[in-house]
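Worksheet for the structure shown next.
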Amino acid sequence: MATDEAAEDIPAGVHHFDTADDVPFEISKYWHQRKSIFSRYDDGIWMTDDLWFGVTPEPVAKKIALDIASAPASKRILIDAFAGAGGNTIQFALSGRWNQIFAVEKDATVLACAKHNAEIYGVAKKIVWIHGDVFDVLAKKLKFQLKNAVIFGSPPWGGPTYADYEVFDLDVMEPYSLTALHQAFSKGASHVVLYLPRTSALEQLAQIAQDGEKMRVIHYCMSGSSKALCAYVGGFAIE
């Protein structure tokens, strides 16, 4: 059954599954990992079916938040370009590192999930929620913040089929290729972090490294296996 909250309080397409019997087969393996995705899942976390495939597990999101906090002290703004269910945004807010956090999401239903989930963790009011296309938002609404910002991008990977590739071609990633993301994010921001499939082609990532700088690429693991990697563009003092 869904949560006991009144049905009208939950947007169409959003759910909170309490028992395995209610979970669609295609997301059942993710639901069984729900406590590693959101430790406070039982408090009423909201998800859509698609969000299960892309949400960052909480232990990974915590470590990423710690690593991104090593950006230069002058960077006091964090922009989460694809907020999704809020897994990363919540951990950025809990870190206490940032003066401002902007969470951008073009799907209004998904944004409602992220904001609700952040409320469960007590950090919703520490985040500025923006409904819109991130490329438009960066070019217009946030263009004056970019100089002092770190952009974190966890783009859609095209669904679970990305795992079928031994080496994932980032230039065919849908709906946004690595090239498109890098061009858009690097126009105004010197520090960018991209959360990408663990099998991403490293030679493609090397092409977006800043001149004269080494780019850190870090695999984030749980239970001995890599869940994803982050490419850190710009100077980060990661220990």
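Output the direction-averaged projected area (hull surface divided by four) of the convex hull of the alpha-carbon atoms of segment 66-155, in nm². Computed as one quarter of the Cα hull surface, the answer is 5.2 nm². The calculated FRET efficiency for Val167 paired with Phe25, based on their beta-carbon distance and R0 = 22 Å, is about 0.15.
The residues of the chain expose on average 48 square angstrom of accessible surface per residue, using a 1.4 Å probe on protein heavy atoms. Amide H to amide H, with H built 1.01 Å from N, Met173 comes under 5 Å of Leu178, counting only residues 5 or more places away or on other chains.
The trypsin sites (Lys or Arg not before Pro) of segment 1-83 that DSSP puts in a loop, and whose beta carbon has at most 15 other beta carbons within 10 Å, are Arg40, Arg76. In terms of distances greater than 26 angstrom between alpha carbons, the cross-link table entries Lys63/Lys126; Lys62/Lys115; Lys125/Lys187 yield Lys125/Lys187. Comparing Cα centroids, segment 124-160 and segment 13-42 end up 27 angstrom apart. Taking the Cβ of Pro24 as the center, what net charge do the other residues with Cβ under 15 Å away carry, scoring Lys and Arg +1 and Asp and Glu -1? Here the count lands on -4. For segment 1-119, the C-alpha radius of gyration divided by 2.2 N^0.38 Å, with N the number of residues, is 1.10. Placing pseudo-labels 7 Å out from each Cα toward the beta carbon at Lys140 and Asp49 gives an inter-label distance of 3.3 nm. Taking the DSSP beta bridges with both ends in the chain, the antiparallel portion is around 45 percent. The share of Cα pairs per 5 Å bin across segment 185-239, counted from zero up to the longest distance, runs 4, 19, 28, 24, 15, 6, 2, 0 percent.
For the chain, the share of alpha carbon pairs falling in successive 10 Å distance bins from zero is 7, 33, 38, 18, 4, 0 percent.
Only one residue of Ser226, Ser200, Met173 has its Cα farthest out toward the positive end of the dipole of segment 169-239, where Lys and Arg carry +1 and Asp and Glu -1 on Cβ, and that residue is Ser226. If the segment from Lys106 to Asp211 were pulled out straight at 0.36 nm per residue, it would be longer than the present Cα-Cα gap by 34.6 nm.
Of the trypsin sites (Lys or Arg not before Pro) in segment 146-214, the ones in a loop by DSSP (not H, G, I, E or B) with at most 13 other beta carbons within 10 Å are Lys187, Lys214.
The values are calculated or read from the model by the stated rules, or taken from the named source; none is laboratory data. These figures come from a predicted structure and were not determined experimentally. Here the Cβ is made from the backbone with ideal geometry for all residues, glycine too, and neighbour counts use every protein chain on show. Please note that ligands, DNA and RNA were not included when accessible areas were found on the heavy atoms of the full protein model with its side chains. Shrake-Rupley method; radii C 1.70, N 1.55, O 1.52, S 1.80 Å.
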